[in-house]
């Protein structure tokens with residue numbers, strides 16, 4: 001995000017300051033709307049990372065009752081992988097639904113952010 005903000009034109013912020021906007025108003029009215037594609041990228045990637053996180057909950061959770069979704073999918077496999085593969089695959093498909101929904105909702109800003117990342121302004 002630092003590089004994204006450094007690539008924004010400073011003239012817009014200076015113009016807002018000349019019009020009497022303070023620093024917070026300039027950020028909220030000028031820079032935040034310009035940063036929406038970058039924030040969408042960070043949001044989608046952060047959601048995907050935390051949704052699929054495996055090792056931290058594995059270390060911190062002590063009971064199977066509080067397992068996160070990835071840990072629950074591993075526990076569906078059973079002892080030494082003797083569980084039903086169809087149950088595990090059904091769980092995988094169900095666990096993908098929220099990640100796909102977040103991607104579909106954030107697809108337009110994500111695409112705009114990726115295409116504008118290489119463009120100098």
Run down 86, 95 and say which single residue is surrounded by 11 or more Cβ atoms within 10 Å (Cβ to Cβ), modelled with pLDDT of 85 or more and part of a helix (DSSP H, G or I). 95
Quick one: would you say residue 30 is surrounded by 12 or more Cβ atoms within 10 Å (Cβ to Cβ) and closer than 30 Å to residue 93 by Cβ? no
Residue check, residue 60 against (1) more than 26 Å from residue 108 (Cβ to Cβ); (2) modelled with pLDDT under 85, all met but one. Which one? (2)
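Every residue, every condition in (1) over 25 Å from residue 111 (Cα atoms); (2) assigned by TED's automatic domain parsing to the domain that holds residue 106, yes or no:
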| site | (1), (2) |
| --- | --- |
| 2 | no, no |
| 5 | no, no |
| 10 | no, no |
| 19 | yes, no |
| 27 | no, no |
| 41 | no, yes |
| 54 | yes, yes |
| 70 | yes, yes |
| 76 | yes, yes |
Flag for residue 49 being exposed (fewer than 10 other Cβ atoms within 10 Å of the Cβ), within 23 Å of the chain's Cα centre (by Cα) and closer than 23 Å to residue 107 by Cβ: yes
Contact list please: Cβ distance under 6 Å, first residue in the stretch 26-40 and on the phi < 0 side of the Ramachandran plot, second residue outside any helix (DSSP H, G or I) and surrounded by fewer than 17 Cβ atoms within 10 Å (Cβ to Cβ), pairs at least six apart or on different chains. 34/8; 38/1
Confirm whether residue 3 is within 17 Å of residue 112 (Cβ to Cβ) and without any contact (Cβ under 8 Å) to a residue 60 or more places away in the chain. yes
Tell me which of these residue 40 doesn't satisfy, since it passes every other one: (1) surrounded by 11 or more Cβ atoms within 10 Å (Cβ to Cβ); (2) at pLDDT below 85; (3) more than 30 Å from residue 21 (Cβ to Cβ). (3)
Hits in the stretch 58-74 (condition: surrounded by fewer than 16 Cβ atoms within 10 Å (Cβ to Cβ) and either touching a residue at least 24 places away in the same chain (Cβ under 8 Å) or more than 26 Å from the chain's Cα centre (by Cα) (or both)): 62, 63, 64, 65
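The values are calculated or read from the model by the stated rules, or taken from the named source; none is laboratory data. All values derive from a computational prediction rather than experimental measurement. In this analysis, Cβ positions are derived from the backbone assuming ideal geometry, glycine residues included, and neighbour counts consider all displayed protein chains.
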